[in-house]
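Peer 1: Sharing a structure with you now.
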Amino acid sequence: MIIGILQIELFIPESGSLKTKRFAVKSIKERLKSRFNVSVAEIDNYDKWQRASLGVVTVSNESKHIESILGNVMNLVYGDRRVEVIDTKINYA
């Protein structure tokens, strides 16, 4: 069993409040969960209006499958016009 862990640091330029930030983050999390069957959680920057950190996890018995899923996750997040990706990290366990 291989666990793929993706950390994504986001900048949300249009956010002027925590409510706006939470709406954007919740929308991204739900899309990722429904499309790719991954676990997603906000892991840092809870009180910053324009910053968010997401953790995305998937499990498989093949590293190629994990790479494919996490690549698709990154493509979806990069394509979302509400956010800018500051940094990404992938780890395996």
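Peer 1: Kindly provide the set of residues from region 4-22 that are loosely packed, with under 15 Cβ neighbours inside 10 Å and hydroxyl-bearing (Ser, Thr, Tyr), ordered by number.
Peer 2: Within region 4-22, just Ser17 meets the criteria.
Peer 1: Right, Asn45: out of contact with any Ser or Thr (no Cβ under 7 Å at 6 or more places or on another chain) and either closer than 15 Å to Ser27 by Cβ or of a type outside the set (Lys, Arg) (or both) or not?
Peer 2: Spelling it out, it is not the case that Asn45 is out of contact with any Ser or Thr (no Cβ under 7 Å at 6 or more places or on another chain) and either closer than 15 Å to Ser27 by Cβ or of a type outside the set (Lys, Arg) (or both).
Peer 1: Just checking, how many residues over region 68-79 are surrounded by fewer than 15 Cβ atoms within 10 Å (Cβ to Cβ) and not small (Gly, Ala, Ser)?
Peer 2: Of the residues in region 68-79, 4 are surrounded by fewer than 15 Cβ atoms within 10 Å (Cβ to Cβ) and not small (Gly, Ala, Ser).
Peer 1: Which count do you get for residues in region 1-27 that are of a type in the set (Phe, Trp, Tyr) and either within 30 Å of Asn61 (Cβ to Cβ) or in contact (Cβ under 8 Å) with a residue 60 or more places away in the chain (or both)? Give the derivation first.
Peer 2: First pass over region 1-27, keeping only residues of a type in the set (Phe, Trp, Tyr): 11, 23.
Checking which are either within 30 Å of Asn61 (Cβ to Cβ) or in contact (Cβ under 8 Å) with a residue 60 or more places away in the chain (or both) leaves us with 11.
Of the residues in region 1-27, 1 are of a type in the set (Phe, Trp, Tyr) and either within 30 Å of Asn61 (Cβ to Cβ) or in contact (Cβ under 8 Å) with a residue 60 or more places away in the chain (or both).
Peer 1: Tyr46 - would you say it is touching a strand residue (DSSP E or B) at 6+ places or on another chain (Cβ under 8 Å) and not aliphatic (A, V, I, L, M)?
Peer 2: No: the conditions fail for Tyr46.
Peer 1: Which is touching a Ser or Thr at 6+ places or on another chain (Cβ under 9 Å), crowded, with 16+ Cβ neighbours inside 10 Å and at pLDDT 95 or above, of Val25, Val38? Break it down into steps so the answer makes sense when it comes.
Peer 2: Numbers: Val25 fails: touching a Ser or Thr at 6+ places or on another chain (Cβ under 9 Å).
That would be Val38, the only listed residue that is touching a Ser or Thr at 6+ places or on another chain (Cβ under 9 Å), crowded, with 16+ Cβ neighbours inside 10 Å and at pLDDT 95 or above.
Peer 1: Does any residue of region 2-21 turn out to be assigned to a helix (DSSP H, G or I) and either closer than 15 Å to Met74 by Cα or touching a helix residue (DSSP H, G or I) at 6+ places or on another chain (Cβ under 6 Å) (or both)? Explain how you work it out, then say what you get.
Peer 2: Going through region 2-21, the residues assigned to a helix (DSSP H, G or I) turn out to be 18-21.
Those left that are additionally either closer than 15 Å to Met74 by Cα or touching a helix residue (DSSP H, G or I) at 6+ places or on another chain (Cβ under 6 Å) (or both): none.
No, the conditions are met nowhere in region 2-21.
Peer 1: State whether one or more residues within region 46-65 are closer than 15 Å to Gly4 by Cα, free of Cβ contacts under 8 Å to residues at least 12 places away in the same chain and out of contact with any helix residue (DSSP H, G or I) (no Cβ under 8 Å at 6 or more places or on another chain). Lay out the reasoning, then the answer.
Peer 2: Initial filter on region 46-65 (closer than 15 Å to Gly4 by Cα): 54-65.
Of the ones still in play, those that are also free of Cβ contacts under 8 Å to residues at least 12 places away in the same chain are 64-65.
Those still in the list that are out of contact with any helix residue (DSSP H, G or I) (no Cβ under 8 Å at 6 or more places or on another chain) too: 64-65.
Yes; the residues of region 46-65 include at least one that is closer than 15 Å to Gly4 by Cα, free of Cβ contacts under 8 Å to residues at least 12 places away in the same chain and out of contact with any helix residue (DSSP H, G or I) (no Cβ under 8 Å at 6 or more places or on another chain).
The values are calculated or read from the model by the stated rules, or taken from the named source; none is laboratory data. Quick caveat: nothing in here was measured; it's all calculated off a predicted structure. Every residue, glycine among them, receives a Cβ derived from its backbone with ideal geometry; neighbour counts consider all protein chains shown.
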